[in-house]
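Working notes for the structure below.
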Amino acid sequence: MSGTYADADGVRLYCEDTGAGYPIVFVHEFAGDTASWEPQVRYFSRRYRCITYNARGYPPSDVPEDPDAYGQARAADDVAAVLDNFGIGRAHIVGLSMGGFATVHFGLRHAARARSLVVAGCGYGAPPATHAEFAASARANADRIEEIGMEAFAPDYSEAEARLTLKRKDPRGFDDYLAQFAAHSTLGSAMHMRHVQGGRPSLWDFAEPLAELPMPVLVVTGDTDGDCLETGIFLKRTVPDCSLWIAPDTGHAVNLEEPDAFNRELATFFAAAEGRSGP
């Protein structure tokens, strides 16, 4: 493993590069960072080159103070900046939740650079009926983060049903997740809540370009993560080459709750994708 920094229009993104082989880029969720992908890096780095990075606003990546430095399109383009840093033309892209949205938009904006997309735990606020309500909630969460800080905000945020399945299954893993989450930058987290989560468009607005995505896509959702199920089914019905895996008795952080099953599903998907798409 090696740590380095990618330049994304003047913002430094901390990256880790582990293993050798065909590249996989992992894009973390709002409550995560590079450490969130440790169960996947340990598994896939035996056969693949695994690249993880901290999004802007997540130290040791830079934490811009300018709101214009954040946004959904910028998050997608940061994936391309990470690829550029390592001289990689094309890779499998795997994203969870906030990272799942970035992965979808990367596929829309940089289709030629995606060997495949894995879109996990993606859907909060995506359906038109819940979009405005979710955006308002995200902006309220940003205010709350600024008011009380991440150490106090993280435990409250993690009491959601879709998070507590991890606590029930793996208490030590939940404690590790929560400690990492609580240590995140208050400024960076508030910026993401307000300008990425709270500012992103509905995925339904992209139905036509989604129907033209050329790469294989795997959508992953836990069956207790109800807010993501509707979006997963929408993507399955809309994207031409799309598989849907619904993990039973599982919440939001599928990769942490059921790492063995998650890794097996991805390994099978990657093999199939590599068999039917160019290098």
* Please state which one of Leu256, Leu187 is at pLDDT 95 or above, out of contact with any Cys (no Cβ under 6 Å at 6 or more places or on another chain) and under 17 Å from Gly121 (Cβ atoms). => Leu256
* Asked: Given (1) closer than 20 Å to Asp170 by Cα; (2) under 15 Å from the mean Cα position of the chain (by Cα), where does Thr224 come up short, assuming only one miss?
  -> (2)
* **Enumeration of residues in the range 5-37 that are among the polar types (S, T, N, Q) and more than 9 Å from Tyr53 (Cα to Cα)** => Thr18, Ser36
* Asked: What number of residues within the range 216-230 are touching a strand residue (DSSP E or B) at 6+ places or on another chain (Cβ under 8 Å), under 11 Å from Gly121 (Cβ atoms) and of a type outside the set (A, V, I, L, M, F, W, C)?
  -> 2
* Within the range 126-234, helices (runs of 4 or more DSSP H) holding 3 or more residues that are crowded, with 20+ Cβ neighbours inside 10 Å and among the small types (Gly, Ala, Ser) -> 186-192
* To do: Return the residue satisfying two criteria in turn: it lies in the range 62-97 and is surrounded by 22 or more Cβ atoms within 10 Å (Cβ to Cβ), in contact with a Ser or Thr (Cβ under 9 Å, 6 or more places away or on another chain) and of a type outside the set (A, V, I, L, M), and of such residues it is farthest from Gly198 (Cα to Cα).
  => His92
* Out of the residues in the range 49-61 that are buried (at least 22 other Cβ atoms within 10 Å of the Cβ) and touching a residue at least 40 places away in the same chain (Cβ under 8 Å), state the one that is farthest from the chain's Cα centre (by Cα). => Ser61
* **Yes/no for Ser116 being in contact with a strand residue (DSSP E or B) (Cβ under 8 Å, 6 or more places away or on another chain), surrounded by 22 or more Cβ atoms within 10 Å (Cβ to Cβ), on the phi > 0 side of the Ramachandran plot and not hydrophobic (A, V, I, L, M, F, W, C)** => no
* Asked: Going by the conditions given, is Ser243 farther than 17 Å from Gly125 by Cα, within 18 Å of the chain's Cα centre (by Cα) and in a helix (DSSP H, G or I)?
  -> no
* **Long-range neighbours under 6 Å by Cβ, at least six apart or interchain, first residue charged (D, E, K, R) within the range 205-225, second not in a helix (DSSP H, G or I)** => Asp223/Ile246; Asp223/Pro248; Asp225/Gly251; Asp225/His252
* Count of the range 147-164 residues which are within 15 Å of Glu258 (Cβ to Cβ) and either of a type in the set (D, E, K, R) or at pLDDT 95 or above (or both) -> 1
* **Scan of the range 78-103 for residues that are assigned to a helix (DSSP H, G or I) and either among the aromatic types (Phe, Trp, Tyr) or more than 13 Å from Val25 (Cα to Cα) (or both), ordered by number** => Met98, Phe101
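The values are calculated or read from the model by the stated rules, or taken from the named source; none is laboratory data. Remember, predicted model here, so these are calculated numbers, not experimental data. No Cβ is skipped: glycine too gets one built from the backbone with ideal geometry, and neighbour counts run over all protein chains shown.
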